[in-house]
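The values are calculated or read from the model by the stated rules, or taken from the named source; none is laboratory data. As the structure is a prediction and not an experimental result, all values here were calculated from the model. Cβ placement follows ideal geometry from the backbone for every residue including glycine, while neighbour counts extend to all protein chains displayed. These accessible areas exclude ligands, DNA and RNA; they are computed on the full protein's heavy atoms, side chains included. Shrake-Rupley method; radii C 1.70, N 1.55, O 1.52, S 1.80 Å.
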Amino acid sequence: MANPAFLHRRSPVFAGRAMVTSSSPLVTRVGLRVLEQGGNAADAAVAMAGMLALAEPMMSGLGGDTMVLVWSAQDQRVLGLNGSGMAPSGASLERIGARPLMPEHGAASVTIPGAVDGWCTLLERFGTQSLQQLWEPVIAYARQGYPVGESIAGFWAVGAAMLGQSASSELREVFLPHGSAPQPGQLMRLPQLADTLERVAREGRQGFYEGPVAAAIATTISAGGVPTTTADVAAQQHRAAWVEPLSVGYRGREVLGLPPNSQGVVALHALGILDGLPLAAMGEAERLHHEIEAIRLGFELAIDGVGEPTPSMLELVRQQLSPDGLAAARSRITALARPATRPQGGHSGDTSYVCAVDGEGNAVSLMTSISGLFGSGLVAGDTGVLLNNRAAQFSSQPGHPNALAPGHRPRHSILPAMVLRDGLPEFVMGVIGGNAHPQGLTQILVNALDLSMNPQQAVDAPRFKLVMQSGAVHIDPQFNPDVGHELVTRGHQLGDSYGFVGFKGGAQMVRLHRDDSGHCTSLEAGVDHRLDGVAMGI
């Protein structure tokens, strides 16, 4: 068994009416301020998303993408929002040349950012406050300074080291002002980004996708060898799309995720497989074996078939998530591990997540990302906007469903989640860490529903990560050593024990407790000890 002390590092947070969570106390406080001032869950989520651009700039920001699940109390339904960006007009496989994987940094790794359009779209449909109101404290922090969190300082240093000489001079000036990453607690000011935040808050999406910011984005990408026009940037306006979520049943609940180009299908497929197995009755190693194999099958589905969404792709995914499709996949799991050597992209990816539930019963599960640590390594001119490297998630193989092409969106690791019980939200949750997202979601939901853990225990518990390129399974050192030994006897190749949070992901989970009439009586939240975050409620 896992070390019991590990499962009780801290207590869950309870609230009576509303809750916000994030991986940064500053971000959570910004969201709570919105709720205290009468805003709703959508308002709070967009405010927190803006603050993430400061608190976690190496993982998220205006130069990235967003995907969202929204429970509308008025409509009594969940809607998905895809705010992912497309490849510019000058992007092509011919330009990057024959290579097994896409470039991880530089202009060839950039897609046109979709996050700002996504946040504006969310506010237009569900918000009650203006972007100027919501980002007022964000802009103040950017100008006056904010203290860097302990875990984030570690990410900052690791990301800077990973970039090395590929970091642009603009990035070094903005994010490494003294030639190195900031220390925990050090005050950071981002005046260039403050100007851009102020422009977007005042002008809306036009302030980002038109004018000087758009010109800086196009010029920066073009200078790196991928011809990009301001028309390419402008075309991303109003591209964020409301989509019908996909779902599977798990332990009498309905688990929801976004359809392609999100790889939310990985977690849904894995959970659908596991729903037919008695996990709670298994020993720990046997249970982990089945979780690993279910996730392996989910990744095979996503890697082979998820990219720019098409009707045939969506039909394939729905077939695989059907009872017959899940039963067929379940039958492929045996007592021994299956080999896996499919490429899954050139980097693990890093992401930010926030959750908001308001007093009216609305809930927002929002994920946003610039993909890898410090994204492409490029800052758009003097805007302070760090551009993503999401194009690294395209396939470099011609004819692949996820092949790079102008106007296409790559397979996305972003996958916010929500779970309904009797048609109402019971869990709002997300896990960051690139391809750790679906693996972490699967594990924390098993922890909660099969192992009866509370949200804090569920997110703190030891986890594993499967690496599809090599087939290796990395397991948390908090697991009993006997678990690793048994997994080896089942044919699993174990990787080294790991300590870097981005490798295993950081999780957040809010559970809504209800009475027999369906009324929410309290909210219970857990935020992963592996990051700096907190939950706060009213």
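Distance between the modelled labels on Val488 and Met282, one decimal in nanometres: 2.1 nm (7 Å Cα→Cβ projection). In segment 66-205, Cα pairs under 8 Å separated by at least six residues give a relative contact order of 24 percent.
Between Ala140 and Asp304, residue separation times 0.36 nm minus the direct Cα-Cα distance comes to 54.5 nm. Note that the chain presents 33 Å² accessible area per residue, ligands and nucleic acids not counted, probe 1.4 Å. Applying 1/(1 + (r/R0)^6) with r as the Cβ-Cβ distance of Ala472 and Ser130 and R0 = 60 angstrom yields a FRET efficiency of 0.80. Working ranking of peptides 13-24, 397-408 by packing, defined as the average number of other Cβ atoms within 10 Å per residue, highest first, is 13-24, 397-408. Our helix-only sum for the chain, with -39,500 (n - 2.57) per DSSP H run of n ≥ 4 divided by its residues, gives a mean residue ellipticity at 222 nm of -11000 deg cm²/dmol. Based on C-alpha pairs under 8 angstrom that are at least 6 apart in sequence, the chain has a relative contact order of 26 percent. Going through [x] 21.4, 61; [y] 23.2, 78; [z] 28.3, 116, the figure that equals Rg and Dmax of the Cα atoms in Å as computed for the structure here is [x]. Just the protein heavy atoms count here, and of the accessible area of segment 255-406 at 1.4 Å, carbon and sulfur take up 55 percent.
Roll a 1.4 angstrom probe over the protein heavy atoms and tell me the percent of accessible area of segment 70-171 that is carbon or sulfur.
Details: 1920 of 3960 Å².
The C+S portion of the solvent-accessible surface of segment 70-171 is 49 percent.
A cut-off of 5 Å between modelled amide H atoms, ignoring neighbours fewer than 5 places along the same chain, links Leu494 with Val473. Within the shell defined by Cβ-Cβ distances under 15 Å, the residues around Gly283 carry a net charge of -4, with Lys and Arg each +1 and Asp and Glu each -1.
Among residues other than Val419 with Cβ under 12 Å from its Cβ, the summed charge is +1 (Lys and Arg +1, Asp and Glu -1). Is the shape of segment 377-438 best called rounded, prolate or oblate, per the rule: a/c under 1.5 gives rounded, else a/b larger than b/c gives prolate, else oblate, with a ≥ b ≥ c the square roots of the Cα gyration tensor eigenvalues? Verdict is oblate for segment 377-438. Positive contributions from Lys and Arg (+1) and negative ones from Asp and Glu (-1), summed over other residues with Cβ under 11 Å from the Cβ of Ser522, come out at +1.
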